[in-house]
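**Student:** I'd like to ask you about the structure that follows.
Rule-based calculations on the coordinates, nothing more; no lab input. Keep in mind the model is a prediction, meaning the values are calculated, not measured. Note: ideal-geometry Cβ built from the backbone for every residue, glycine included; neighbour counts use all protein chains shown.
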Amino acid sequence: MRIPAELLILLDAQITHERTNAAIYAQMASFLDARSLVYLAKYMQSQAKGEQFHADKLVNYLSDRDDYATFGNIPAPELSPTISAAEYFTVALSVERSTTYGVVELYRVARAMDPQTEVFLHWYLIEQVEEENVVGEICDRFLRSANLGDEWMDNFVRENFDRLTGK
Ligand SMILES: [Fe+2]
Ligand SMILES: [Fe+2]
């Protein structure tokens, strides 16, 4: 059974959303690396790869359903190169929250229209719990380390890298 056209449009939009997220995290990684905040940059690179994986997984799903993805435009990230690392993570948390909102809306439509897509999206719903949890933890630690600064946070991410990136 083919995916209903209305749902396919929303799945394409989710692919574009995930690819946009990848661009945002890759841009943050570049800015952080320029400041030699090496582990914060590596963390953002890992996030960018994760977002690309989310997009690819959706693209593969569409071809498994005998359909194809139609890619949309990815806007250039609107980020300053000079804000603090903590501010990038505040942006990251809002990115993750809006992604969760999008997945939940997509899920509601899938549930009404297409049982296979409904079940497929379970993975994304749970993935977003993890994404918000980890980025939220880093934001909390930044908040508490306000006078210790970006260097301390870079060390924290170095020491906890595998856990934070789900390895
Ligand atoms: Fe994602
Ligand atoms: Fe994410």
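**Student:** Give the residue list of chymotrypsin sites (Phe, Trp or Tyr not before Pro) in the stretch 20-124 that are DSSP loop and have at most 16 other beta-carbon atoms within 10 angstrom.
**Tutor:** Tyr68, Phe71
**Student:** Using the Karplus curve 6.51 cos²θ - 1.76 cosθ + 1.60 with θ = phi - 60°, work out ³J(HN,Hα) for each residue of the stretch 68-79 in order, rounded to whole Hz, and write x for Gly and Pro.
**Tutor:** 8, 8, 10, 6, x, 5, 9, x, 5, x, 9, 9
**Student:** Using the Cα atoms as the points, what is the convex hull volume per residue of the stretch 100-167 in Å³?
**Tutor:** Values: hull volume 5.1 nm³, N = 68.
In the stretch 100-167, the Cα convex hull volume per residue is 75 Å³.
**Student:** While we're looking at this one, here's another question. Using the Karplus curve 6.51 cos²θ - 1.76 cosθ + 1.60 with θ = phi - 60°, work out ³J(HN,Hα) for each residue of the stretch 137-143 in order, rounded to whole Hz, and write x for Gly and Pro.
**Tutor:** Result, rounded to whole Hz: 4, 5, 4, 4, 5, 4, 4.
**Student:** Considering every pair of different Cα atoms, what Kirkwood radius, in Å, is found for the chain?
**Tutor:** 16.7 Å
**Student:** Starting from the Cα of Lys167, draw a straight line to each of the aspartates and glutamates and keep only those under 15 Å, dropping any in the same chain fewer than 8 residues away.
**Tutor:** Correct list for Lys167: Glu127, Glu130, Glu131, Glu159.
**Student:** Set Lys and Arg Cβ to +1 and Asp and Glu Cβ to -1, take the dipole of the chain about its Cα centre, and tell me which of Ser94, Ile3, Asn147 lies farthest positive.
**Tutor:** Towards the positive end, the residue furthest out is Asn147.
**Student:** Please report Rg over Rh for the stretch 1-65, where both radii come from the alpha carbon positions and Rh follows the Kirkwood definition.
**Tutor:** 1.18
**Student:** Relative to the Cα centre, what is the charge dipole magnitude of the stretch 107-167, using +1 at the beta carbon of each Lys and Arg, -1 at the beta carbon of each Asp and Glu, and rounding to the nearest 20 debye?
**Tutor:** Once rounded to the nearest 20, the dipole reads 140 debye.
**Student:** Oh, and also: Using only Cα atoms, tell me the angle between helix 149-159 and the longest principal axis of the chain; keep it within 0 to 90° and round to the nearest 10.
**Tutor:** The two axes meet at around 60 degrees.
**Student:** Got a sec? Charge dipole of the chain, +1 on Cβ for Lys and Arg, -1 for Asp and Glu; which of Trp123, Ala85, Thr20 is way out at the positive end?
**Tutor:** Value: Ala85.
**Student:** With only Lys, Arg, Asp and Glu charged, each at its Cβ (+1 for the first two, -1 for the last two), find how big the charge dipole of the stretch 34-167 is about the Cα centre; round to the nearest 20 debye. Walk me through the numbers before you get to the answer.
**Tutor:** Values: 13 positive and 22 negative charges, 48 e Å.
Rounded to the nearest 20 debye, it is 220 debye.
**Student:** May I ask you to compute the full-extension gain from Ala76 to Glu130, defined as 0.36 nm times their residue separation minus their alpha-carbon distance, rounded to one decimal in nm?
**Tutor:** Between Ala76 and Glu130, full extension yields an extra 16.8 nm.
**Student:** Mind checking which of Glu137, Glu78, Glu105 has the largest fluctuation in a GNM of the chain, springs on alpha carbons under 10 Å?
**Tutor:** Comparing Glu137, Glu78, Glu105 in the GNM, the peak value goes to Glu78.
**Student:** Given the DSSP H assignment, sum -39500 (n - 2.57) over each helix run of at least 4 residues in the chain and divide by its residue total; what's the result at 222 nm in deg cm²/dmol, nearest 500?
**Tutor:** The helix-only estimate for the chain comes to -26500 deg cm²/dmol at 222 nm.
**Student:** Helix 38-64 against the longest principal axis of the chain: what's the angle in degrees, Cα atoms only, rounded to the nearest 10?
**Tutor:** Orientation of helix 38-64: about 0 degrees from the principal axis.
**Student:** Pairs of Cα atoms under 8 Å, at least six residues apart: use those to get the relative contact order of the chain, whole percent.
**Tutor:** 29 percent
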